[in-house]
1. Hey, which of the strands (runs of 3 or more DSSP E) in region 3-105, taking only ones fully inside, have at least 1 residues that are more than 22 Å from Trp160 (Cβ to Cβ)?
2. Test Pro89 against the stated conditions and say whether it is more than 20 Å from Gly14 (Cα to Cα) and either without any contact (Cβ under 8 Å) to a residue 12 or more places away in the chain or open to solvent by 70 Å² or more (accessible area, probe 1.4 Å) (or both).
3. Can you pull out every residue in region 1-15 that is closer than 15 Å to Ala69 by Cα and either open to solvent by 30 Å² or more (accessible area, probe 1.4 Å) or among the polar types (S, T, N, Q) (or both)?
4. Return a yes/no flag: does region 123-137 have any residue that is of a type outside the set (Asp, Glu), modelled with pLDDT of 95 or more and in a strand (DSSP E or B).
5. Look through region 47-76, keep the residues that are without any contact (Cβ under 8 Å) to a residue 12 or more places away in the chain and of a type outside the set (Lys, Arg), and return whichever of them is least open to solvent (accessible area, probe 1.4 Å).
6. Please go through region 116-170 and pick out each residue that is exposed (fewer than 12 other Cβ atoms within 10 Å of the Cβ), in contact (Cβ under 8 Å) with a residue 60 or more places away in the chain and hydrophobic (A, V, I, L, M, F, W, C).
Amino acid sequence: MSRSAVLVEIPEAGPIVGGWRRRHTYDAPLGVPPHVTLLFPFVPLERLTQEVEERLARLVAAAGAFDAAFARTARWPSLLYLEPQPSEPFAALTASIAAAWPEHPPYEGEFDAVTPHLTVAESDERQLLDRIAADVEAHLPIELRVREAQLYVEDDSGRWQERRRLPLAE
């Protein structure tokens, strides 16, 4: 069964984290750009109808565009990420999408709380993550206006591609 995801692409992060992501994440080599995940997994591709897409587009459009910055790295034991500030608009979008599709909780309900983040690298090697963090932090902050989210779908080969842009209200 092919999957889908609702993301906010952060293209401004590409020059800073793109190389690290391609080498040290599972999703970047599969076509997923630097992003903050809003909801994964979303509706399976087989049930991703025009009606579902339109409902998602209306829900996202109800949220206003917002400014965000990624000014520092943060860490879980084996994951280095950029922390968005403010994180609340990302969390609010996640909450509203998940509430509309309760059968698709974020990360399949694996975590009690969802922390908005942009994954830079995954590794059990602490020194590697330290080195990557030092490199990335030298190029921060990344500042941007978030004007849209994107719906991504996975094809039968496991590669991901954008299916639809989802504008936020200006």
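The values are calculated or read from the model by the stated rules, or taken from the named source; none is laboratory data. Model, not experiment: these values are computed from the prediction. No Cβ is skipped: glycine too gets one built from the backbone with ideal geometry, and neighbour counts run over all protein chains shown. The accessibility values were calculated without ligands, DNA or RNA, using every heavy atom of the protein model including side chains. Shrake-Rupley method; radii C 1.70, N 1.55, O 1.52, S 1.80 Å.
1. Details: elements: 4-9, 35-39, 66-76, 79-85.
So the answer is 66-76, 79-85.
2. Numbers: more than 20 Å from Gly14 (Cα to Cα): yes; either without any contact (Cβ under 8 Å) to a residue 12 or more places away in the chain or open to solvent by 70 Å² or more (accessible area, probe 1.4 Å) (or both): no.
Answer is no for this residue.
3. Answer for region 1-15, where residues must be closer than 15 Å to Ala69 by Cα and either open to solvent by 30 Å² or more (accessible area, probe 1.4 Å) or among the polar types (S, T, N, Q) (or both): Glu9, Pro11, Glu12.
4. no
5. Among those residues, the one meeting the criterion is Val52.
6. If the condition is that a residue be exposed (fewer than 12 other Cβ atoms within 10 Å of the Cβ), in contact (Cβ under 8 Å) with a residue 60 or more places away in the chain and hydrophobic (A, V, I, L, M, F, W, C), then Ala169 is the only one that fits.
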